[in-house]
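J.: So that we are looking at the same thing, I have put the structure below in structure tokens.
The values are calculated or read from the model by the stated rules, or taken from the named source; none is laboratory data. Being a predicted model, the structure only gives us computed values, none of them experimental. Here the Cβ is made from the backbone with ideal geometry for all residues, glycine too, and neighbour counts use every protein chain on show.
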Amino acid sequence: MKKTLSVFCVLIVALATFGCAKKAEPVAAPVAVEPYKVAFIYIGVPGDLGWTHEHDVGRLQIEAAFGDKVKTAYMENVPEGPDATRVIRQYAQDGYDMIIATSFGYMDPMVEVAAEFPKVKFIHCSGYKTSDNMSTYFGRIYQARYLAGIVAGKMTKTNIIGYPGAFPIPEVVRGINAFTLGARSVNPKVQVRVVWTNTWYDPVKEREAAVALLDAGADIITQHQDTVEPQKAAQERGMLSIGYDSDMRKFVGDTVLTSPVWNWGPYYVDTVRKGMDGTWKSEQYWEGLSADVVRLADFSPLVPQDVRDQVSVVKQKIVGGTWDVFTGPIKDNTGKLRVNEGAKMSDGELLSLDWLVEGVVGKVQ
Amino acid sequence: MGLITSLIAITLRAGTSLVYATIGETYAERAGILNLGLEGIMLMGAVSSFATAYYTGSLGLAIVVALGVGGLMALIHAFLSITMKANQVVSGLSITLFGTGFASFLGQRLGPESNGRYLIGLTGPRFAPIDVGALGKVPILGAILGQDLFTYGIYLLIPLAWFYLYRTKNGLWLRAIGENPRTADAMGVAVDRAKYGYTVFGGMLTALGGAHLALAYTPGWSENITGGRGWIVIALVIFSMWNPGRAITGALIFGGINAVQFRLQASGTNVPAAFLNMLPYLATIVVLVAITWWEALSKRVGSPASLGQPYVREDK
């Protein structure tokens with residue numbers, strides 16, 4: 001039994017070394033002033049081509065903006081839960097000035113550690129809890145989803161659009177609704193069919209869900225998950241798609257018409273600058289197209305000019321603040337009027353959205 | 001394509017990787033070795049075969065590398081559990097932990113400089129479904145024939161694996177080792193050597209299951225591409241009651257359940273997805289209970305009696 005244990009220990013140590021190797025950036029040449037140290041906690045890897053990739057692009061923009069004055073580090077594949085608490089606490093103990101955690105499930109671990117280190121600034125993505133030294137931030141990606149919906153509504157021939165979604169939670173439901181409203185604003189015959197995969201990340205399941213939707217007659221596939229498999233599956237069938245998170249056209253090809261994408265760089269650079277000059281204050285940041293924190297990626301050459309023009313007109317209305325996506329009248333997919341004509345849904349309502357708009361085939365279970 | 005035909009097509013495709021790993025694990029368990037390292041071995045098979053195919057352009061070489069890597073990882077397990085007589089559960093779990101971590105590591109280091117050393121997101125050569133022309137339009141038959149070479153592989157593997165186990169002398173010995181290694185030893189079978197052989201063979205097939213994902217089903221490497229399929233296989237071996245012939249049924253049910261429930265959702269039918277996902281595991285529990293309680297059945301189709309126990313020759 002002793003032998004077994006020792007072998008097991010050796011393997012665990014080996015695993016820990018390989019699996020969780022901390023990848024700090026090489027330390028810059030000694031400078032007179034200690035650099036401002038910023039750490040990122042990632043749920044996946046920068047190479048996921050989606051969610052984490054975009055946060056890492058933001059991190060690199062911090063480095064580009066401040067050079068030697070800032071040192072960044074990141075830890076990838078950090079599971080939500082006790083491991084996250086440990087990793088965040090370690091960075092705080094190592095003298096990092098700002099810690100940015102980029103997944104919903106890091107919220108409570110961060111609240112816990114933030115209370116222990118009042119001088120360190122904690123920044124959490126997509127949650128709702130804040131404290132004196134902990135901010136929350138997110139982007140109104142639904143605005144870009146609405147624009148992408150216009151593109152899909154104009155370009156579908158079968159009037160069926162497939163939408164594999166991860167979980168029936170408000171964040172995903174908001175995206176589906178915005179996309180559907182966009183598509184039906186230009187083509188009232190459009191049906192958006194939703195398939196729940198119950199996973200954020202499973203290449204095989206994501207592909208199977210997309211294939212099922214293609215078999216059901218969808219000729220455009222979009223998604224709310226973390227891999228490019230649905231887009232690839234559509235391409236293999238000779239069908240079109242719309243990406244998410246990052247500009248997926250770069251990884252899949254021109255059949256990806258466009259993608260609602262994140263642009264964290266400006267927010268990160270601004271936040272770090274405030275941290276450095278002492279003007280940082282805890283806040284709840286939830287901005288959209290007008291702050292450039294979310295964007296619609298460049299169009300594929302397959303998107304005709306009149307569609308681009310139409311998107312551009314609506315985009316101006318949203319950016320100018322004269323109109324927003326969730327403005328009534330909006331019916332749900334059982335036919336009930338949910339938002340009265342001219343009324344606008346509040347942020348509170350949007351953050352707890354649990355019904356699907358007219359035109360969505362699916363159910364929030 | 002009709003609905004049934006398209007369901008058969010997707011189910012076969014989804015079940016292929018499961019069949020390889022299930023038959024591999026069945027052989028190892030028949031030799032008395034429980035290998036819980038399947039998830040890790042599948043991932044290593046996937047990452048190594050994709051990297052090979054990407055750099056050499058040779059799918060054949062990719063298969064050879066997957067077989068080698070899978071065999072090697074199973075060899076570690078064999079060494080620990082046969083020679084060192086270690087606890088097989090602990091050793092197998094270590095293989096999974098190690099394989100999962102190491103495959104991720106390789107996926108971030110083996111890629112080309114231009115992609116930041118990542119293998120993720122690259123496109124390499126793949127096994128495409130075979131174009132069978134007019135035959136592809138025939139209902140059901142078209143679904144069976146319009147598959148990639150991996151799936152053709154299971155059409156051969158399943159009957160061969162069954163035949164070897166139940167109709168050859170070596171197969172009889174293999175079953176004897178699993179039931180009662182001492183008797184097998186007395187019959188003149190080199191028990192340890194056979195255990196090594198079947199464990200390594202099992203690892204090779206398991207890695208092939210992983211390679212199917214990276215080279216044919218979802219071409220490319222992404223982290224945790226298996227998404228827990230290695231664990232499903234552990235249940236599948238029980239579900240098929242250690243019979244390679246039955247592996248196909250289980251693999252198709254487990255593999256096809258997602259395909260079916262996604263289709264039901266896509267067509268607007270309201271089915272509780274979680275319930276359908278639970279069904280195969282429920283079936284596994286039923287099988288377990290049945291073979292535990294019903295002695296007559298357990299004698300015929302139960303688990304190999306020496307499963308998980310190290311064989312020590314000198315034992316009195």
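J.: Would a scan of segment A:250-260 turn up a residue that is buried (at least 16 other Cβ atoms within 10 Å of the Cβ), modelled with pLDDT of 95 or more, closer than 23 Å to A:V173 by Cα and within 14 Å of the chain's Cα centre (by Cα)?
T.: Looking for residues that are buried (at least 16 other Cβ atoms within 10 Å of the Cβ), modelled with pLDDT of 95 or more, closer than 23 Å to A:V173 by Cα and within 14 Å of the chain's Cα centre (by Cα), one finds at least one in segment A:250-260, hence yes.
J.: Also, I was wondering about something else. Of a type in the set (G, A, S) and within 25 Å of A:V45 (Cβ to Cβ): does that describe A:G127?
T.: In short, yes.
J.: Tell me the residue from A:V192, A:V186, A:V151, A:V211 that is over 17 Å from the mean Cα position of the chain (by Cα), within 12 Å of chain B (Cβ to nearest Cβ) and at pLDDT 95 or above, please.
T.: Only one candidate qualifies: A:V192.
J.: Go through segment A:150-170 and report how many residues are outside any loop (DSSP other than H, G, I, E, B) and not small (G, A, S).
T.: 9
J.: Suppose the filter is of a type outside the set (K, R) and within 18 Å of B:L38 (Cβ to Cβ); does B:I225 pass it?
T.: For B:I225, the condition - of a type outside the set (K, R) and within 18 Å of B:L38 (Cβ to Cβ) - is met.
J.: Of all residues in segment B:205-241, which are surrounded by fewer than 22 Cβ atoms within 10 Å (Cβ to Cβ) and away from chain A (no Cβ under 14 Å)?
T.: The answer is B:I234, B:A235, B:I238, B:M241.
J.: So, A:A64, is that one surrounded by 12 or more Cβ atoms within 10 Å (Cβ to Cβ) and at pLDDT 90 or above or not?
T.: So A:A64 does not fit the description; no.
J.: Count, please, the residues in segment B:210-241 that happen to be under 24 Å from B:V289 (Cα atoms), outside any loop (DSSP other than H, G, I, E, B) and touching a residue at least 60 places away in the same chain (Cβ under 8 Å).
T.: Of the residues in that region, 9 qualify.
J.: Could I ask something else about it? Can you go through B:L93, B:L61, B:L110, B:L75 and tell me which one is modelled with pLDDT of 95 or more, within 13 Å of another protein chain (Cβ to nearest Cβ) and surrounded by fewer than 21 Cβ atoms within 10 Å (Cβ to Cβ)?
T.: B:L93
J.: Okay, next question. Among the residues of segment B:1-56, how many are more than 18 Å from the chain's Cα centre (by Cα), crowded, with 23+ Cβ neighbours inside 10 Å and either closer than 21 Å to B:V260 by Cα or polar (S, T, N, Q) (or both)?
T.: Adding up the residues that qualify gives 2.
J.: Follow-up. Name every residue in segment A:214-224 that is more than 7 Å from chain B (Cβ to nearest Cβ) and surrounded by fewer than 24 Cβ atoms within 10 Å (Cβ to Cβ), in order of residue number.
T.: Across segment A:214-224, the qualifying residues are A:L214, A:G217, A:D219.
Yes/no matrix, rows are residues, columns are (1) closer than 16 Å to A:M155 by Cβ; (2) assigned to a loop (DSSP other than H, G, I, E, B):
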{"site": "A:V172", "(1), (2)": "no, no"}
{"site": "A:V204", "(1), (2)": "no, no"}
{"site": "A:V211", "(1), (2)": "no, no"}
{"site": "A:G217", "(1), (2)": "yes, yes"}
{"site": "A:T227", "(1), (2)": "no, yes"}
{"site": "A:D254", "(1), (2)": "yes, yes"}
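J.: Condition (residue is modelled with pLDDT of 95 or more and in a loop (DSSP other than H, G, I, E, B)) applied to segment A:303-320: is it met by at least one residue?
T.: Checked segment A:303-320: at least one residue is modelled with pLDDT of 95 or more and in a loop (DSSP other than H, G, I, E, B).
J.: Does B:Q261 satisfy the criteria of being out of contact with any Asp or Glu (no Cβ under 7 Å at 6 or more places or on another chain), more than 8 Å from chain A (Cβ to nearest Cβ) and free of Cβ contacts under 8 Å to residues at least 24 places away in the same chain?
T.: Considered against the rule, which asks whether it is out of contact with any Asp or Glu (no Cβ under 7 Å at 6 or more places or on another chain), more than 8 Å from chain A (Cβ to nearest Cβ) and free of Cβ contacts under 8 Å to residues at least 24 places away in the same chain, B:Q261 comes out as yes.
J.: Inside segment A:321-339, can you point out the residues that are among the polar types (S, T, N, Q) and part of a strand (DSSP E or B)?
T.: Scanning segment A:321-339 gives a single hit, A:T327.
J.: Residues that are outside any loop (DSSP other than H, G, I, E, B), within 14 Å of chain A (Cβ to nearest Cβ) and touching a Pro at 6+ places or on another chain (Cβ under 7 Å): does segment B:243-254 have at least one?
T.: Scanning segment B:243-254 turns up at least one residue that is outside any loop (DSSP other than H, G, I, E, B), within 14 Å of chain A (Cβ to nearest Cβ) and touching a Pro at 6+ places or on another chain (Cβ under 7 Å).
J.: Quick check on my filter: what residues within segment B:167-196 are touching a residue at least 12 places away in the same chain (Cβ under 8 Å) and of a type outside the set (D, E, K, R)?
T.: Within segment B:167-196, B:W173, B:L174, B:A176, B:I177, B:G178, B:N180, B:P181, B:M187, B:V189, B:V191, B:A194, B:Y196 meet the criteria.
J.: Check A:V252, A:V256 and return the single one that is of a type in the set (V, I, T) and within 11 Å of chain B (Cβ to nearest Cβ).
T.: A:V252
J.: Looking at segment B:113-133, which of its residues are farther than 17 Å from B:A214 by Cα, within 9 Å of chain A (Cβ to nearest Cβ) and either modelled with pLDDT of 90 or more or out of contact with any helix residue (DSSP H, G or I) (no Cβ under 6 Å at 6 or more places or on another chain) (or both)?
T.: Answer for segment B:113-133, where residues must be farther than 17 Å from B:A214 by Cα, within 9 Å of chain A (Cβ to nearest Cβ) and either modelled with pLDDT of 90 or more or out of contact with any helix residue (DSSP H, G or I) (no Cβ under 6 Å at 6 or more places or on another chain) (or both): B:N115, B:G116.
J.: Among the listed residues A:T227, A:T199, which satisfies the condition of being buried (at least 24 other Cβ atoms within 10 Å of the Cβ), over 24 Å from B:I4 (Cβ atoms) and within 8 Å of chain B (Cβ to nearest Cβ)?
T.: A:T227 is the lone residue from the list that is buried (at least 24 other Cβ atoms within 10 Å of the Cβ), over 24 Å from B:I4 (Cβ atoms) and within 8 Å of chain B (Cβ to nearest Cβ).
J.: Looking at A:D97, A:D48, A:D68 in this structure, which one is within 14 Å of chain B (Cβ to nearest Cβ) and not β-branched (V, I, T)?
T.: A:D48
J.: Hey, another quick one. Out of all the residues in segment A:209-245, which are in contact (Cβ under 8 Å) with a residue 24 or more places away in the chain and either in the same structural domain as A:D48 (by TED's automatic domain parsing) or of a type in the set (S, T, Y) (or both)?
T.: A:T222, A:T227, A:Y244, listed by residue number.
J.: Criterion first (buried (at least 24 other Cβ atoms within 10 Å of the Cβ) and basic (K, R)) does A:K189 satisfy it?
T.: Criteria not met by A:K189.
J.: Against the condition out of contact with any helix residue (DSSP H, G or I) (no Cβ under 9 Å at 6 or more places or on another chain) and of a type outside the set (S, T, N, Q), how does B:G15 come out, does it pass?
T.: For B:G15, the condition - out of contact with any helix residue (DSSP H, G or I) (no Cβ under 9 Å at 6 or more places or on another chain) and of a type outside the set (S, T, N, Q) - is not met.
J.: Another question about this same structure. Using the structure shown, decide if A:G165 is in contact with a His (Cβ under 6 Å, 6 or more places away or on another chain), buried (at least 17 other Cβ atoms within 10 Å of the Cβ) and assigned by TED's automatic domain parsing to the domain that holds A:D306.
T.: Yes, satisfied.
J.: Among the residues of segment A:78-128 satisfying the criterion of being in a loop (DSSP other than H, G, I, E, B) and aliphatic (A, V, I, L, M), which is nearest to the chain's Cα centre (by Cα)?
T.: A:V78
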